[in-house]
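Read through the structure below, which is laid out as structure tokens, and then see the notes.
Quick note: the coordinates plus some simple rules give every number you see, no bench work behind them. Here the structure is a predicted model, which is why all the values come from computation and not from measurement. Note that we place each Cβ from the backbone using ideal geometry, even for glycine, and neighbour counts take in every protein chain shown.
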Amino acid sequence: MQDRMGKDVLMTLVVAGLLIWLLPQLVSTYTLTVLIIYGMLGFSLGLIWGFGGILCFGQAAFFGLGAYTYAIAAINIGESTLPMIIAILVPAIAALLLGAMMFYGRLTDVYLGVITLVVTLILFKFINSTAGPQYMIGTARLGGFNGIPGFQTLNVPGDPDAYIWGDAYFYVCAVIMVLVYLLVSALLRSSFGRIAVGIRENETRMSLMGYDVAARKTILFAIGAAIAGLAGALFANWGEIVTPGLFSLGQSAEIIIWCIVGGLGTRSGPILGAAGLAYLKFALGQQSLIDNTLITGLILVLFVLFLPKGLVPAISSLWKVSFARRSPSRVHQARRIRNRGRANG
Amino acid sequence: MDLSVVILVEMLYAVASLVLISAGLAVVFGMMKVINLAHGEFMMMGGYATITAVNLGVNVFVAMLVVAPITVGLIGLVVERLVIRHLYGRLVDTMLATWGLSLFFIGVATMIFGNTTTGISTPIPGFSIGSYQINGYNFFIIVVAIALVIGMLVILKSTRAGLIARGTMQRSDIAAALGYSPDRIYMATFFCGSALSGLAGAVLAPLVGLVPTSGGAYIAKAFITVIAGGPSLVAGLLSSAGLFGLVNQIFTFAISPVIGEVALLVSAVILLRLLPQGVTGKFFKGKL
Amino acid sequence: MAEVVLETQALTMRFGGVVASDNVNFKLRARELRCLIGPNGAGKSTFFKCVTGLLTPTEGQVFMRGQETTGWMPHQIASLGVGIKTQTPNVMDYLSVFENIWLAARRFHSVDEAKHKAEAVIDRLALNSIARSDLGNLAHGERQRVELGLVAVGDPWLVLLDEPAAGMSAEDVERMTEIIHELTKIAAVVIVEHDMQFIRSIAETVTVFHQGAVLMEDHVDKVMSDETVRNVYLGKKAG
């Protein structure tokens, strides 16, 4: 047990180290930074959906909330350390409240989808309509559809004039991503993580065993929101502006697509799906022959139809079959995780 | 006095447009338990079909009431055969696949029509009540919505197809055991649902500037209206559209249109929390 | 007399106009084994669901070891040390037998203790050979046995089983009977059951439900030979 854990950590560090060293020689660090941030965002949904069975159509809401919280706090405070912390806490608290409301109401998948989607829309519409000068939080103007530009970006803690940008910012983001990955891995190995998987598999059984399912789902939902909020704050620093587009349904759709393409129920799938698809989008943005949205949509349809478990599980089961160590009994796991609640529909 | 008439008309209009927006989705969800997240794009395509037909010299009412529903219905048929058919019984997968389709159609529309706003003028002139100006086209929308609801009731209650449809809605397995091919029923249902979406998009097109992403404005409203309505098709549609339409208009008049929209969404969240099975899951049980 | 571990007072459950459970007064003492029988729709399962917290009764109270538990959530009731098995097999299909039982043990024990507990129960139920298989790949009888393992591993003092013998082979039923007898050494056991064969082999006191209410409550032999019971239940079955 201890042994396997050590091996996993070591593997993670080696692979991450190689990637951090190799990738900047192929792609600009500016692009890589945003790929990492999207990877973190995909990871946040991959955690609650793939391991907790919570389908959230509004993960973008927590991403946007993190970004806006950072921007507003940074303008008011004038340095970046405290705003980063607040930007993680605010989405987490919002998710605690929303999650408690939904999970203690014993709502099933579809209703969960509707409510998270609607909450995202409410935030989007609200932020979009705050163009007037009367919408201020402290000294920060919300700016409506124009967003908030010109806030303090990341600095060395304690020294507001020592900005972290460019290559340095890429390395900071990469290290944070590795830390988040290791923390979530530890969480999944812990009793909490294994109980979460049990709840994903059979809520009724777990509650009959004496587990408070609603409380545990609420906490997991909040952890996912905290990670999404962190990604949002990092995104705000990268883009140096926050706009209502962060809350949009399109953004939520993309996060879900990343998870499906990468593969649910795996840790690396959603990260790779996010980074890969975001890079593809960036590469496609250079041409004007075929519309970008069209390709994103087509990818989603084709994956749902033909490769419902996603790339990472597909490749790893292919690996297992070719090297015939153990029969892949969990082949259709990803599809199953998604459609678990169909009887309730 | 004049003001109250205006407010009444506006309320009716708000409810009627919600009914129109949601009808296609409600038919597909009620009959097939499929949530078509490309519904908004079906409406958008109905709008484009109308505008294209009008530009080709077709009468505007023919374009709205005939050309658009048939065009979108046929597109729906293709979508059902190519995609939806493979995903029956997998609720979340159909939601995801149709979300993908919605992005796909936005992309196609952008490539064909470009990312600019197009539109047609309203074919019915406005008039005034006292000192207030009223958009005459609003009456047309109300009439279409009423006709739609009556049509749905008549078809469901007094035709053979309606009887089969009602049977399938309640127990699709039993209907299949009685010899009605679910495959063909679903195909027909999806055609009708898509045609209704096309009709709604066409009728609403003169009121909005049309862009390829216009569907996004509709889908959320349609989605929550249908889910909040619950299992009964017509009663659910009317009760939740009525409720949300009222809330929307009250807050729009009292504060601002944006707050009206937000109030609609907030009331939807509260409603679903209190009645997770929708309005007709609790009241009007067993109605159509 | 042993302590009363489960008691209901005037428990009533209505669904619209239907009274599914009608003024049920029920008492169960420590380490007692009780079977609930009755024809379809007699209200056994409704009673079971009201006691386990899966339903909230319209009227009346439920007490466990003297504490009122009316309207509690299932997880709160389970946390008291009550083991529950529902009618349909309720297990984590895509986790292994060991993982399933470990999760049940973890609720009441530390990580390491849970591991030992789970291993002990797997031993006792003779599940060793399939301990690493996913539940979804097992036969029906094995799944039922695993679910009993989930119940037993929490060391409950009250066990509620809804149709544990449904759809099992004779050999499986025999094994199930043994396990249940072992459970009664530490816990009071309530069994909702249809299978008369199984009831004859296991039961002492039987409570007969009819139309939501308790028809009679007596030793199994007396119940079986009772004319009224025959009419409402056995007679119907034979006819």
**Item:** Computed FRET value (nearest 0.05) for B:ASP183 with A:ASP159, which takes r as the C-beta separation and R₀ as 60 Å
**Value:** 0.30
**Complete:** In nm², the average projected area of the convex hull spanned by the Cα atoms of chain B is 15.6 nm²
**Prompt:** How high is the relative contact order of the stretch A:29-251, given as a whole-number percent (alpha carbon pairs under 8 Å, six or more residues apart)?
**Reply:** 45 percent
**Prompt:** Which whole-Hz ³J(HN,Hα) couplings does the stretch B:250-259 yield from phi under the Karplus relation 6.51 cos²θ - 1.76 cosθ + 1.60, θ = phi - 60°, glycine and proline marked x?
**Reply:** 4, 6, 5, 5, 6, 10, 7, x, 5, 5
**Asked** Whole-Hz Karplus ³J(HN,Hα) for the stretch C:177-192, in order, using 6.51 cos²θ - 1.76 cosθ + 1.60 and θ = phi - 60°, x for Gly and Pro?
**Response** 4, 4, 4, 5, 4, 5, 4, 5, 5, 10, 9, 7, 10, 10, 10, 8
**Asked** When only C-alpha pairs under 8 Å and at least 6 residues apart count, what is the relative contact order of the stretch C:33-133, in percent?
**Response** 16 percent
**Request:** Calculate the mean, over all residues of peptide A:110-116, of how many other protein chain Cβ atoms lie within 10 angstrom of the residue's Cβ.
**Result:** 6
**Item:** Placed amide H near C:LEU6: partners under 5 Å, 5+ positions off or other chain
**Value:** C:LEU28, C:ARG65
**Item:** Tilt relative to chain C, helix C:140-152 - C-alpha long axis, 0 to 90 degrees, to 10
**Value:** 90 degrees
**Asked** Name the trypsin sites (Lys or Arg not before Pro) in the stretch C:85-132 that are in a loop by DSSP and that have at most 11 other C-beta atoms within 10 Å, would you?
**Response** C:ARG132
**Complete:** Helix-only [θ] at 222 nm, chain A, -39500 (n - 2.57) per DSSP H run of 4+, per residue, nearest 500, equals -22500 deg cm²/dmol
**Asked** Per 10 Å bin, what is the whole-percent P(r) computed from every C-alpha pair distance within the stretch A:29-251?
**Response** 9, 33, 33, 19, 6, 0
**10 Å Cβ neighbours from other chains, averaged over peptide C:84-92** = 4
**Item:** Alpha carbon Rg of the stretch C:4-238, scaled by the compact-globule rule 2.2 N^0.38 Å
**Value:** 1.01
**Prompt:** From the square roots a ≥ b ≥ c of the eigenvalues of the alpha-carbon gyration tensor of the stretch C:38-89, which class results: rounded (a/c under 1.5), prolate (a/b over b/c), or oblate?
**Reply:** oblate
**Message:** How large is the direction-averaged shadow of the alpha-carbon convex hull of the protein assembly as shown, in nm²?
**Reply:** 42.3 nm²
**Prompt:** A:GLY285: net charge of surrounding residues, Cβ under 15 Å, Lys/Arg +1, Asp/Glu -1, itself excluded?
**Reply:** -1
**Likely footprinting exposure, A:TRP258, A:TRP21, C:TRP72, fewest C-beta neighbours within 10 Å first** = A:TRP21, C:TRP72, A:TRP258
**Message:** Let's see if you can work this out: charge +1 on each Lys and Arg Cβ, -1 on each Asp and Glu Cβ, no other charges. What is the dipole magnitude of chain C about its Cα centre, in debye to the nearest 20?
**Reply:** 280 debye
**Message:** Can you find, among C:VAL232, A:ILE256, A:GLY276, the residue sitting farthest towards the positive end of the charge dipole of the protein assembly as shown, where Lys and Arg contribute +1 and Asp and Glu -1 at Cβ?
**Reply:** C:VAL232
**Request:** Taking H placed 1.01 Å from N in the peptide plane, check which residues at least 5 places from A:VAL242 or on another chain put their amide H under 5 Å from its amide H.
**Result:** A:ILE148
**Request:** Give, in whole angstrom and from largest to smallest, the semi-axes √(5λ) of the equivalent ellipsoid of the stretch B:77-166, with λ running over the eigenvalues of the Cα gyration tensor.
**Result:** 35, 27, 11
**Asked** Once both axes come from the Cα atoms, what is the angle between helix C:111-124 and the longest principal axis of chain C, in degrees from 0 to 90, rounded to 10?
**Response** 70 degrees
**Complete:** To the nearest 20 debye, the protein assembly as shown has a Cα-centred charge dipole, built from +1 on Lys and Arg Cβ and -1 on Asp and Glu Cβ, of 1200 debye
**Item:** Size of electric dipole in chain A: Cβ of Lys, Arg +1 and of Asp, Glu -1, about Cα centre, debye, nearest 20
**Value:** 1640 debye
**Request:** Search the structure for amide H atoms under 5 Å from the amide H of C:HIS210, placed 1.01 Å from N in the peptide plane, and list their residues when 5 or more places away or on another chain.
**Result:** C:LEU215
**Item:** Neighbour-count ranking [beta-carbon atoms within 10 angstrom, fewest first] of A:TYR104, A:TYR70, A:TYR38
**Value:** A:TYR104, A:TYR38, A:TYR70
**Message:** Could you give me D for the stretch B:1-122, from Stokes-Einstein at 25 °C and 0.890 mPa s, where the hydrodynamic radius is the Kirkwood radius over C-alpha pairs? Units µm² s⁻¹, please.
**Reply:** 151 µm²/s
**√(5λ) per eigenvalue of the Cα gyration tensor, the stretch A:96-182, largest first, Å** = 32, 24, 12
**Asked** Counting other C-beta atoms within 10 Å, which of C:THR88, C:THR205 has the fewest, and how do the rest follow?
**Response** C:THR88, C:THR205
**Asked** Remind me, relative contact order of the stretch B:2-212 in percent, using alpha carbon pairs under 8 angstrom and six or more residues apart?
**Response** 44 percent
**Prompt:** How high is the FRET efficiency from A:ALA16 to C:MET216, r the C-beta distance, R0 51 Å, rounded to 0.05?
**Reply:** 0.15
**Complete:** In degrees rounded to 10, the 0-90 angle between helix A:109-128 Cα long axis and the longest Cα principal axis of chain A is 10 degrees
**Message:** Through the Karplus equation 6.51 cos²θ - 1.76 cosθ + 1.60, θ set to phi - 60°, convert the phi angles of the stretch B:234-245 into ³J(HN,Hα) values in whole Hz; use x for Gly and Pro.
**Reply:** 6, 4, x, 4, 5, 5, 6, 4, x, 4, 5, x
**Prompt:** For the protein assembly as shown, with the dipole built from +1 on Lys and Arg beta-carbon atoms and -1 on Asp and Glu ones, taken about the Cα centre, which of B:ILE255, A:PRO83, B:THR122 lies farthest toward the positive end?
**Reply:** B:THR122
**Message:** Nearest 500 deg cm²/dmol is fine: what mean residue ellipticity at 222 nm does chain C get from its DSSP H runs of n ≥ 4 alone, each adding -39,500 (n - 2.57), divided by its residue count?
**Reply:** -10000 deg cm²/dmol
**Request:** Mind giving me the nanometre distance, one decimal, between the label points for B:PHE61 and C:GLN76, set 7 Å out from Cα along Cα→Cβ?
**Result:** 6.3 nm
